[in-house]
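A short worksheet on the structure shown next.
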There are 8 protein chains.
Amino acid sequence: MKVYLSGEIHTDWREQIIDGAKGLDVSFSAPVTDHAASDDCGVAILGPEGDKFWHDRKGAQMNAIRTRKGIEDADIVVVRFGDQYKQWNAAFDAGYAAALGKSLVILHGPDHAHALKEVDAAALAVAREPAQVVQILKYVLTGSLPS
Amino acid sequence: MKVYLSGEIHTDWREQIIDGAKGLDVSFSAPVTDHAASDDCGVAILGPEGDKFWHDRKGAQMNAIRTRKGIEDADIVVVRFGDQYKQWNAAFDAGYAAALGKSLVILHGPDHAHALKEVDAAALAVAREPAQVVQILKYVLTGSLPS
Amino acid sequence: MKVYLSGEIHTDWREQIIDGAKGLDVSFSAPVTDHAASDDCGVAILGPEGDKFWHDRKGAQMNAIRTRKGIEDADIVVVRFGDQYKQWNAAFDAGYAAALGKSLVILHGPDHAHALKEVDAAALAVAREPAQVVQILKYVLTGSLPS
Amino acid sequence: MKVYLSGEIHTDWREQIIDGAKGLDVSFSAPVTDHAASDDCGVAILGPEGDKFWHDRKGAQMNAIRTRKGIEDADIVVVRFGDQYKQWNAAFDAGYAAALGKSLVILHGPDHAHALKEVDAAALAVAREPAQVVQILKYVLTGSLPS
Amino acid sequence: MKVYLSGEIHTDWREQIIDGAKGLDVSFSAPVTDHAASDDCGVAILGPEGDKFWHDRKGAQMNAIRTRKGIEDADIVVVRFGDQYKQWNAAFDAGYAAALGKSLVILHGPDHAHALKEVDAAALAVAREPAQVVQILKYVLTGSLPS
Amino acid sequence: MKVYLSGEIHTDWREQIIDGAKGLDVSFSAPVTDHAASDDCGVAILGPEGDKFWHDRKGAQMNAIRTRKGIEDADIVVVRFGDQYKQWNAAFDAGYAAALGKSLVILHGPDHAHALKEVDAAALAVAREPAQVVQILKYVLTGSLPS
Amino acid sequence: MKVYLSGEIHTDWREQIIDGAKGLDVSFSAPVTDHAASDDCGVAILGPEGDKFWHDRKGAQMNAIRTRKGIEDADIVVVRFGDQYKQWNAAFDAGYAAALGKSLVILHGPDHAHALKEVDAAALAVAREPAQVVQILKYVLTGSLPS
Amino acid sequence: MKVYLSGEIHTDWREQIIDGAKGLDVSFSAPVTDHAASDDCGVAILGPEGDKFWHDRKGAQMNAIRTRKGIEDADIVVVRFGDQYKQWNAAFDAGYAAALGKSLVILHGPDHAHALKEVDAAALAVAREPAQVVQILKYVLTGSLPS
């Protein structure tokens, strides 16, 4: 089972899931989560831009090489929405994955439930905690429920 | 040319575009923009829910019947991000449209440019004003530029 | 909007929906609902079979010419499960439509809810009465809720 | 060759096929066949629901993560209909697999032949006994017929 | 309903079907059935070839512009095998249509049944006479069986 | 029949084909052939760029809204290579159309034959003169050859 | 590289190609070439039929499980037409492979060139001898031409 | 990550990229870059042609067996445009890859920027030097930027 972990990059939720899933037949992929590298990769490699808009464009398109492959190869796309920021790239990834027919798992706290209702409505599971995502993966792969 | 107008519902940007495009061979579609109807359609038709989460789910899935068709039938998907709210459904629609290979036009003010960089990077045009979208439609259909 | 009406053929639910949707921009299609014709079409046209299994096969495949087109052309596939019979062709149509990404509306009474949970889980709406399907179509097309 | 074994969960037909196919280059997948776990997985992991309808929905969607992948990855989808129950999920899986162009093998006793005629008509083989499915796999992979 | 009439060009079976289907909502397409024009179209338009192989290639590819569109647009592809000639293009069209998921109707006399078993096995109906194809179209469109 | 006319914009080959095809059931589309408008559309509508690279990018992406739709909607894509310039966009369009399975007709003089061999090899016809394209359209639609 | 070897089963052309390709990174698949087994597999496993037509149908559909997978998994589909028999299944396979966008190599003697012109026109190579197919595989994989 | 290296064959840019990417989890593929072999492969294997046009056709189609597979299997398609020649096959490959949704990286000197604007506009990165392509691959796979 291939799982892509999209969204929020300021907490250790990816590590919690990857650690929790040890021993399961899962391979994980994710975007580059180094915020500075992710913002500057385009100009660092292809040369500087005077205009911030194109600075961002170059970076976003370079990151898209990785994120598109991650989503397209995945069986399950987990998208986490944190408490802060607009996180439009997370919602974009969710829409992209939905259109490709991927199994979507959305991970967010209760405060965001109404604002995420269209995103949640496209998902096969809506979880609050990374540990629940681990339990989903364990159940889906082995049929075992948490005791 | 079929154009789907996704996103922000609190200003008259859709009317501006539709009015501006009069005389062009374009047909527009859009989500239901009556906020209360859009929130409550599920329970109004299929019966009440005690839990707000499922109240929202019923509504979001009913709206999806309309929005998915609108996006899937469109040649161009215009997504507007306003100044307020999370607008995750707008970003979701953009991702959905991108995965289907639709021509994306993103419409937002300059303040959101960095937060929308991944969304903009999937678009064929990034505009600030509804009038620019009209000019794009006019150019794409007739080859005429604004004088 | 193109709507395919699949499933139970012993009550007038199709007529209720078609009548209720008068004035809306919807075109309906459906399987042949004449039970005898549907069972015997294969042998009536292509010649008799000694073995009931092939008698049925000839008819089922001839009906598939119509039903596959109906489902593939549809924007919305409504599948009704009645109180009687196995109705495996209805569930088959629902699965077929789901795999094609069609918007599914499932129509059944409360007694079947548990047995239909996998089918319902693939749907964007689960209704009990034909009148609700009419209200869904009206809302999806016009944004108007029942008063 | 990848084979997905869908349908009836109250007899040991899956084991018979898997045992019989030992030594062949086949990998099998299947839904979770622990009935209680399958019914309750959603609420066990994602939290309880007061309404049975949503209890079922949560479970059915979590199971769909596994079943969709099983069907989508398969070369052959075997669907067994037993003597009891509605088994609408089995017919749904058959329709889903048919729409994806999978090779369908349907397994059922003679009593269900007429009720399953549309499902059978989409299949490349209709068998009565698990041993026949083993023989089909052996023939398809090695060209050897039962002696 | 769009119907493509592929195959044998030496009898009037297409005319029989088109005449018989008058009054039904069907539009027919077919290859160019003027044998000489079909053979020579490539060199007549694009210039002569010294080598018969390329003479044939130019013609076959020009005809493919028409036949591919006819098959790809069709809901139903009828392929007739006559008593004479290799008719490999007819079988090729049948395979092409089958891979696209078109509803196939094969039309041939009883002598060819064994040789056509793989082609027939991909079809939803196997008819002997053009009149049966008309009856199929009438039934599929109107639900009426021959009296 | 829908025909997209891609490539060289400095001679009247499009007009010759459109004039020649009068009376045939063909609708034509094409890129914007006003060279200055095509180069400057992006900045004229979306605002000026200091860097020529992004000036060009904005224009090329805006033109892509039109050209992608033209190619994707077409049954036949005609690509003309003239005597001058790199014309990489023409070859790009040919590759794009080939990957979508469109019927390709390539139009060029004999001097370019070797350089275009990979492009020609993906085509169903290679013509030298616009009049031949008209004859192809006439033959494909009506079966008539030039007298 | 995956290669499917379709068509004539009365000479050792498959063995010639497989032997000649030793040492290349190619895996071959093919239909069951035991003529009797291929004809009778359906009834041998699923039970006898009184009518030859359904006897053939059962076998042809069982063989289709193998042949469809072989073609769908292949990068290259080689189809050989021998001197005898109608070989409509070979032409059907060629059409099926063409519609899936497979690289087609057709193998036949010069006498069949005109009758196979539509099939050849869909191919990337037309060879006369199995040794040429080996040379094609060697060139495509290694860039080496026969010395 | 699978990378296809298309385009210019007269400098060692492929070797620079392959050498630079040592230690990364990348597999490369490319067309046959032996110019003479590439031009003559068709006639060398399938027999001579009197007409140069068909000599070229045979070779181009044989090469297409390799190049289509290379592009279709790739995650990233890098297309290099050198200083000389028309290089229409490179632009064709870029269009082909774009239509398949591949991540495109275009590699060319600044002189070609305007002529390649449509090709560049379909790319996720435009580089000038092979070393930049190596840096892109390293970043996309590992998240590391050049120091």
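The simple spin-label model puts a point 7 Å past each Cα toward its Cβ; for B:L100 and A:L100 those points are separated by 1.7 nm.
Taking trypsin sites (Lys or Arg not before Pro) in DSSP loop conformation with at most 15 other Cβ atoms inside 10 Å as exposed sites, chain H has its longest uninterrupted site-free stretch at H:23-127.
Hey, what's the per residue convex hull volume over the C-alpha atoms of chain B, in cubic angstrom?
Values: hull volume 17.2 nm³, N = 147.
Considering the Cα atoms of chain B, their hull volume per residue is 117 Å³.
Return the FRET efficiency for the residue pair E:D73, F:E72: r is the Cβ-Cβ distance, R0 is 25 Å, and the value is rounded to the nearest 0.05. Before the final figure, lay out the partial values.
Details: r = 15 Å, r/R0 = 0.61.
E(calc), rounded to 0.05, equals 0.95.
Which of the pairs D:K102/E:K138; D:K22/D:K102; D:K138/E:K117; G:K102/G:K138; A:K69/H:K86 have their Cα atoms more than 25 Å apart in this structure?
Result: D:K102/E:K138; A:K69/H:K86 exceed 25 Å.
Normalising the Debye intensity of segment G:2-41 to I(0), with uniform scatterers on Cα atoms only, and taking log10 at q = 0.17, 0.22 Å⁻¹ returns -0.49, -0.74. Tally Lys/Arg at +1 and Asp/Glu at -1 over every other residue whose Cβ is under 15 Å from the Cβ of D:F53; what's the total? Around D:F53, the surrounding residues sum to -3. Take every pair of alpha-carbon atoms less than 8 Å apart whose residues are at least six positions apart; their mean separation over the length of chain G yields a relative contact order of 27 percent. With a cut-off of 11 Å between beta carbons, the residues surrounding C:D40 carry a summed charge of -3, where Lys and Arg count +1 and Asp and Glu -1. From its DSSP helices (H runs of at least four residues, each -39,500 (n - 2.57)), the protein assembly as shown gives a residue-normalised ellipticity at 222 nm of -15000 deg cm²/dmol. Panel note: contact residues of segment B:49-88 (accessible area lowered by at least 40 Å² against the chain on its own; 1.4 Å probe) correspond to B:F53, B:W54, B:D56, B:R57, B:A60, B:Q61, B:M62, B:I65, B:R66, B:K69, B:K86, B:W88. Summing both sides, the accessible surface hidden between C and D at a 1.4 Å probe radius is close to 3100 Å². Counting only aspartates and glutamates at least 8 places from E:K52 when in the same chain, those with an alpha carbon closer than 15 Å to its own are E:D39, E:D40, G:D111, G:E118, G:D120, H:E49, H:D51.
Computed over the protein assembly as shown, the range of Cα coordinates on each principal axis works out to 80, 80, 59 Å, biggest value leading. Relative to the globular-protein estimate of 2.2 N^0.38 Å, the Cα radius of gyration of segment H:69-121 stands at 1.08. Taking Lys and Arg as +1 and Asp and Glu as -1, the other residues whose beta-carbon sits under 9 Å from that of E:D83 total -2.
The values are calculated or read from the model by the stated rules, or taken from the named source; none is laboratory data. What you see is a predicted model; the values in this text were computed from it and never measured. No Cβ is skipped: glycine too gets one built from the backbone with ideal geometry, and neighbour counts run over all protein chains shown. All accessible areas refer to the heavy atoms of the entire protein, side chains included, with ligands and DNA or RNA removed. Shrake-Rupley method; radii C 1.70, N 1.55, O 1.52, S 1.80 Å.
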